[in-house]
Amino acid sequence: NSRRIDRPNLFYPIYCNPTNKTLSLNKVSKEDIKILPLDSDGEERVWRWGQEKASGLFATEFIVRDNNQNNYTIYVKDRVKQSIKPKSFWYGSRYDASSHGTMLLKDLFVNPNFSYPKSIHAVCDILAIGAYDDSLILDYFAGSGTTGHAVINLNREDDGNRKYILVEMGSYFDTVLKPRICKVVYSDKWKDGKPVNRHSGISHCFKYIRLESYEDTLNNLRFASNPERDRVVNDNPPLKEDYILHYMLDVETRGSQSLLNIKSFVDPRAYTLRVKKPGSDEYVDRNVDLLETFNYLIGLRVERVFAPEIVSATFKRVDDPEVPEDNKTRLIVDGDIQTVSDGESEHWWFRKVEGWVPVNFAEPDGNRERVLIIWRTLSGDLEKDNLVLDEWFRKNCGETELDTVYVNGSSNLKIASNGQCKVILLEEEFMKRMWDTEEV
């Protein structure tokens, strides 16, 4: 996004007075030189900041250098030394990993279980030079979380809107990285594990996602019951992985067998996986966030995740001559469904997610497909489940223009908004996205 065509509002002239090196957005005198954000090939690029923010920094933060014959370049103070473009090798006390990395962690945690963290100043300077104030920064070897810390510090300094994604598989994620982010959000200075300044907190929200490991994936595959096969495989650990990947996945899962425990979808809140504890042979059951997982599987751009709702309903049978059964009756909801607290005798849990996906993922800014995802608990009584679903949808989603609706459990949901909306069984889509290897 550094070209003029990408961010046209950040392409504008800055005028420099060649005598006193002052900057302005408007030409004050006929001597003023116009400076545009052009690269070394003369291609039109963009400034890092908008006009309003840049004008407020002209007097204090910017310096100008005359390269030759009125060819001026603008630099940011303190981010470069003597207005020379930064080298690939930086040196100086501010980049010392001991005093501004290790000691910084000791101030935060007293006894941090992490060796050789980077200097916070090194990462801040990298981001100041290489990122905009609304950039998304990815660190896929996050370590102790210095990158996240640096992003928070920079946003605190200039009220920026930088975001970060950190990826880490070490056990210190729970003991160092995550608590570090919480602490630096609360205060910008710490000593002996305690905040020095309690009035420097910054508005911040982050979420963390724990991905299923390769080993946990193998341990949680669901196959048809075969005690003799299981005994042989378990007695030969070296053969287990090869057998599963090259035979069981390809042969024994064809047809009606499922690699996913579809029955657990009757209550999306209760899906669990057996997870091996690091460094031991012990296994524990961990809850899986099916809602979040499915959002990622379909590439959903989430707009709203609604609070869960629990409803109850009463039913009655009415005469209906169109019903083919002998009794000529059908079940209906008696009155309106009611929002209740958990624990009522007969109730249903609902939660919905709204968002969109690109029609063509190769063109993420092109046409959009409006998506609604409905998660619900199922009672085992298909007739009641779908009557409650119809009533709940009518009350909560009836006026929404949609292209696709995903819902768990078999349903006869009809969307009247535009006549072209697809209703897709969520379990089937889940399976397709997880295991279908054909190119789409």
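The values are calculated or read from the model by the stated rules, or taken from the named source; none is laboratory data. Note that the structure is predicted; figures quoted are calculated from it, not measured. As a convention, Cβ positions derive from the backbone with ideal geometry for all residues, glycine included, and neighbour counts pool all protein chains shown. Calculation scope for accessible area: heavy atoms of the full protein, side chains included, ligands and nucleic acids excluded. Shrake-Rupley method; radii C 1.70, N 1.55, O 1.52, S 1.80 Å.
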Contour minus end-to-end for residue 359 and residue 425, with contour as 0.36 nm per residue of separation and end-to-end as the Cα-Cα distance?
21.8 nm
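Suppose the chain between residue 272 and residue 331 were pulled fully straight at 0.36 nm per residue; how much longer would it get relative to their current alpha carbon spacing? Intermediate values should be presented prior to the final figure.
On the way: separation 59, 0.36 × 59 = 21.24 nm, distance 3.44 nm.
Going from the current span to full extension adds 17.8 nm.
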FRET efficiency for residue 280 and residue 175, using Cβ-Cβ distance with R0 set to 22 Å, rounded to 0.05
0.80
Hey, what's the range 125-167 come to in accessible area per residue, 1.4 Å probe, Å²?
46 Å²
Order the peptides 146-157, 347-358, 45-56 from the highest to the lowest mean number of other Cβ atoms within 10 Å of their residues.
146-157, 347-358, 45-56
Given labels modelled 7 Å from the Cα in the Cβ direction, how far is it in nm from residue 205 to residue 432?
3.2 nm
Computed E for residue 19/residue 157 - FRET, C-beta separation, R0 41 angstrom, nearest 0.05:
0.80
Simple spin-label model, 7 Å along Cα-to-Cβ: residue 27 to residue 287 in nm?
6.6 nm
The range 95-128 versus the range 1-79: alpha-carbon centroid distance in Å
34 Å
Could you list, in their original order, any pairs among 178/395; 277/352; 53/106; 163/414; 106/163 whose Cα atoms are separated by more than 29 Å?
178/395; 277/352; 53/106; 163/414
For residue 415, the residues 5 or more places away or on another chain with a placed amide H closer than 5 Å to its own amide H are none
Let me check something: with ligands and nucleic acids excluded, how do 315, 62, 141, 361 order by accessible area (1.4 Å probe), largest to smallest?
141, 361, 315, 62
Partner aspartates and glutamates whose C-alpha sits under 12 Å from that of residue 207, ignoring same-chain residues fewer than 8 away, are 292
Return the carbon/sulfur percentage of the accessible area of the range 1-62, one whole number, probe 1.4 Å, all protein chains in place.
46 percent
Rounded accessible area of residue 40 (nearest 10 Å², 1.4 Å probe):
120 Å²
The long-range amide H neighbours of residue 22, using H built 1.01 Å from N in the peptide plane and a cut-off of under 5 Å, are 17
For the range 113-193, report the % of Cα-Cα distances exceeding 17 Å.
43 percent
Suppose R0 equals 60 Å. What FRET efficiency, 1/(1 + (r/R0)^6) with r the Cβ-Cβ distance, do residue 131 and residue 316 give to the nearest 0.05?
0.45
Using a 1.4 Å probe on the protein chains only, how many percent of the accessible area of the range 74-179 belongs to carbon and sulfur?
56 percent
